[in-house]
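See below for the structure under consideration.
The values are calculated or read from the model by the stated rules, or taken from the named source; none is laboratory data. Model, not experiment: these values are computed from the prediction. Heads up, the Cβs are rebuilt from the backbone with ideal geometry, glycines too, and the neighbour counts pull from every protein chain shown.
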């Protein structure tokens, strides 16, 4: 067998070796943490049970996070973030299980195990990625690609692949009926090029792993001719349609009822992701409400003493799929403040809030009751901030992509908020950040945003 094709031919074996490595890291890190923190040997039954549970949970949730897919062409951040998200989910579930079963284990052991195990998993993936990148740059474990292209999309794909040797993609040939291919010829002086009708013979005579058809959607008839010409081809065939000009969200290709479907705009909260996100929200919201309950009581007393009226303020907002719900806040304005003015967009310099209410707004403490909304299922801890229906009607025609933010549940904090886009700031920028969050959602991104919120604090110059 040709040595340069070994990894490709044994990808399943490689995947199981990686799984075994991860299991060993989890086991060894747990034992090391036990020795460091407790100094006792062998581990007591409850610790062995916790380790076995963690291994079982990791095995069960790994498919949901798609940990052992082919990461060729994916960013380092995406791969490592997925590992962190899966590892964090395991410890959230373990914490929940130990709480429910009243199992007594050392917290210092659990934290030390979490940190050592995470470091081991991340270092392992970084070393593996570095090793594979080196192999691919030397010509090993590469996919030999032939592009049949037309227009700008063909050139764009060719340029991207020509600069992706470390990802394991080698552009071997480019065929097009376009008159001008000088830009393509400059990519590599040894690059084979010619007319599309010449490609069929080339593909049959040379080693080709994948054929990429990169053409505008309007070239349907030409694509049909190409597919007929490739009927004897054993290489993988991919279509890269010219959809770069569309405003897309989580685009992908799937099969629905046996029909091939190109997904142009989807919610990331589908399948296992929906339940992972719900579990994250419910567990964290319950723990946070339990922890901050004394603070909530003190604020409630402060609101009641500052002005007559109810402690809480219920305001109609929009969340996932445009569903309406009533968001809870500590009341920061006198009772009936909007009776005559109606819904008013909060701006700097306004003085409608009470003195205590102004303090709550500046410190974002008025938002704390929304953890109850999270527990009810109306909101998430992390997500785009919800808006009032009257403003949604106004902004949906003014701000590009505004309604797409409703593809996930509204959140208490979000990617836009931790970057300063809150209050009376540029709405276009805020929506860009919201859509970035939806496009790149992962459990790790949620955890990152929560930590950024804690580190940056709740006080913001745009909170009023």
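Of the residues that sit in the stretch 400-414 and are assigned to a helix (DSSP H, G or I) and touching a helix residue (DSSP H, G or I) at 6+ places or on another chain (Cβ under 7 Å), which one is surrounded by the fewest Cβ atoms within 10 Å (Cβ to Cβ)?
Looking at residues that are assigned to a helix (DSSP H, G or I) and touching a helix residue (DSSP H, G or I) at 6+ places or on another chain (Cβ under 7 Å), I get 404.
Check off (1) more than 26 Å from residue 277 (Cα to Cα); (2) surrounded by fewer than 22 Cβ atoms within 10 Å (Cβ to Cβ); (3) touching a strand residue (DSSP E or B) at 6+ places or on another chain (Cβ under 9 Å) for residue 376 and give me the number that stays unchecked.
Of the numbered conditions (1) more than 26 Å from residue 277 (Cα to Cα); (2) surrounded by fewer than 22 Cβ atoms within 10 Å (Cβ to Cβ); (3) touching a strand residue (DSSP E or B) at 6+ places or on another chain (Cβ under 9 Å), the odd one out for residue 376 is (1).
List every residue pair whose Cβ atoms lie under 7 Å apart, where the two residues are 6 or more positions apart in sequence or sit on different chains, the first residue falls within the stretch 172-193 and is assigned by TED's automatic domain parsing to the domain that holds residue 223 and within 24 Å of residue 230 (Cα to Cα), and the second residue, located anywhere, is part of a loop (DSSP other than H, G, I, E, B) and at pLDDT 75 or above.
172/208; 175/195; 176/150; 177/150; 177/195; 178/150
In the stretch 415-448, which residues are over 20 Å from residue 89 (Cβ atoms) and assigned to a loop (DSSP other than H, G, I, E, B)?
Those that are over 20 Å from residue 89 (Cβ atoms) and assigned to a loop (DSSP other than H, G, I, E, B): 419, 420, 421, 422, 423, 424, 425, 426.
May I ask you to say which residue of 297, 259, 264 is modelled with pLDDT of 90 or more and over 20 Å from residue 82 (Cα atoms)?
Exactly one residue qualifies, and that residue is 297.
What are the residues in the stretch 208-227 that are in contact with a helix residue (DSSP H, G or I) (Cβ under 9 Å, 6 or more places away or on another chain) and either part of a helix (DSSP H, G or I) or under 19 Å from residue 162 (Cα atoms) (or both), if any?
208, 209, 211, 212, 213, 214, 215, 222, 225, 226
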